[in-house]
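Structure record follows, encoded as structure tokens.
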Amino acid sequence: MDFGQYRELLGVAAVRRLLIVAMLARVPHAASAMVLTLHVVNTLGLGYGAAGGVTAAVTIGIAFGGPWRGKLLDKNGLRRTLVLSIITEAIIWSIAPFLPYAFLIVAALIGGALAVPIFTIVRQALGVMVSSTQRRTAYALDSIGTELTFMVGPAAGVALAAVNTYAALVVIGISSSLAGLFLFWFNPPTRSGQAGSYQDEADAAVDCMEELAPAEIGGNVVLPVTGAARRRFNKVQGSLSWMSVSVIAVLGAAVATGLTLTGTDVGIVGLLREHGQQEQIGIVFLVWCAASIVGGIIYGALHRKINPLWLLLIMAVLTVPMGFAHETWAVVLLSIPPGLFCAPALSSTSEWIADLVPEQRRGEAMGWFGSAITLGSAVGAPMAGLAIDMVGPWGGFVTVGVIAAVLGAAGIVAQALWKRRRAALV
């Protein structure tokens, strides 16, 4: 364990600047869900179900836009990818608060799809700005920054919305656009060989070849079809040639991680409300996030990478006992063990994606990764909420914990079987 790696990385001005920009750029997005909810409920006079529809539209937009924006990043570079987002963020969120509900959903969907792809850009840039041995620490720092952002963002959103929800949404749009402009000006490298990148192409090539499927190493698969159908299949196969079994397993871990985190969010609120202790919700979230930050710091100082599926499995299993607490202090204590694995799970998945996918396709892969987390987050909250309604607060924790644990175990088994099959073919 070497905590000196943090000092070494933060001593690099470009890396330090990117991490600070990333943290600040995420604040508007972290605040937007709360502002949209309060705008729909308080200003438009509709219910929380209607508010959930708007936030779901943003989530769907982000999920569908992520891979596409990542592919554009690989193909066109950072600045050309950002132009549309910079313009759209300012326009959409300046108009959205004045739209009726039906059109607000459409605007939210478009705004999500064309949002500044901060996650993809930052993870892609960090992947080429540091050596392969430093990625773990770099991604851990970014995950820690994300935790801090989501500790500040929702509170800032509530404060803005308390003044005026129309103005709050406009401020979020302008702030997001300014974040995109700053990234445009900063222009961090997204490919090796660009100014500011760390030359480590040989190591990256070796890492990727170790995990490629036999079909990707040995040539094209012989298809039983011919003509147009075969050409279409070959086109799809070529565009997703980086999608090996190991990558799919890691993306599954990302879905399950998002599911666990948002399901735990809802579970904490439901549990404390059930026991009449809702005023203590902030304390639990503070300790839970602090534990995640501590876990991220420890993980980033390690000398070896850990399979994210194992981190997910442990986090999921440790989440289940939270549902059986009856006092705030018990929830706080039980939130610490799973919290310690939150940031490491997110950091590890990014690290594995960066190692498994060739650099020229890494932006698209990071886009899929971001969409996987978004998809899991979108499913986790309503799934936990439904379980709470059916059986009580404990059901939310048990449901997301068990499902995530099953997905993690299935991914571990799939990876083991695939490696055994590859070994037999060699």
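The values are calculated or read from the model by the stated rules, or taken from the named source; none is laboratory data. Fair warning: this is a prediction, and the values are worked out from it, not measured in the lab. Using ideal geometry, Cβ is built from the backbone for each residue, glycine included, and neighbour counts are taken over all protein chains shown.
Looking only at segment 369-398, residues that are of a type in the set (Phe, Trp, Tyr) and surrounded by 24 or more Cβ atoms within 10 Å (Cβ to Cβ) come to 2 in all. Condition check: closer than 20 Å to Gly258 by Cα and in a helix (DSSP H, G or I). Does Ile60 satisfy that? Yes; evaluated as a whole, the condition is true for this residue. Exactly one residue out of Ala405, Ala316, Ala354 is under 21 Å from the mean Cα position of the chain (by Cα) and surrounded by fewer than 24 Cβ atoms within 10 Å (Cβ to Cβ), and it is Ala405. Cβ-Cβ contacts under 6 Å between residues 6 or more apart (or on different chains), taken from a first residue in segment 315-344 that is more than 24 Å from Ala254 (Cβ to Cβ) to a second residue that is of a type in the set (Phe, Trp, Tyr) and assigned to a helix (DSSP H, G or I), are listed as Phe324/Trp394. I'd like to check something: does segment 289-299 contain any residue that is more than 17 Å from Leu148 (Cβ to Cβ) and among the polar types (S, T, N, Q)? Taking every residue of segment 289-299 in turn, none turns out to be more than 17 Å from Leu148 (Cβ to Cβ) and among the polar types (S, T, N, Q). What's the total number of residues in segment 75-124 that are more than 28 Å from Leu46 (Cβ to Cβ) and either assigned to a helix (DSSP H, G or I) or of a type in the set (Phe, Trp, Tyr) (or both)? So the answer is 19. Applying the set (1) within 19 Å of the chain's Cα centre (by Cα); (2) polar (S, T, N, Q); (3) at pLDDT 85 or above to Thr399 leaves exactly one unmet item: (1). Looking at segment 168-208, which of its residues are touching a Pro at 6+ places or on another chain (Cβ under 9 Å) and either at pLDDT below 70 or on the phi > 0 side of the Ramachandran plot (or both)? Within segment 168-208, Gly196, Ala204, Ala205, Cys208 qualify.
Checked against the criterion of being modelled with pLDDT under 80 and surrounded by fewer than 17 Cβ atoms within 10 Å (Cβ to Cβ), the candidates Gly227, Gly276 yield just one match: Gly227. Among residues of segment 158-174 that are within 13 Å of Ile92 (Cα to Cα), none has a Cβ under 6 angstrom from a residue that is basic (Lys, Arg) and part of a helix (DSSP H, G or I) at a sequence gap of 6+ or on a separate chain.
The conditions of being over 13 Å from the mean Cα position of the chain (by Cα) and hydroxyl-bearing (Ser, Thr, Tyr) are met by Ser131.
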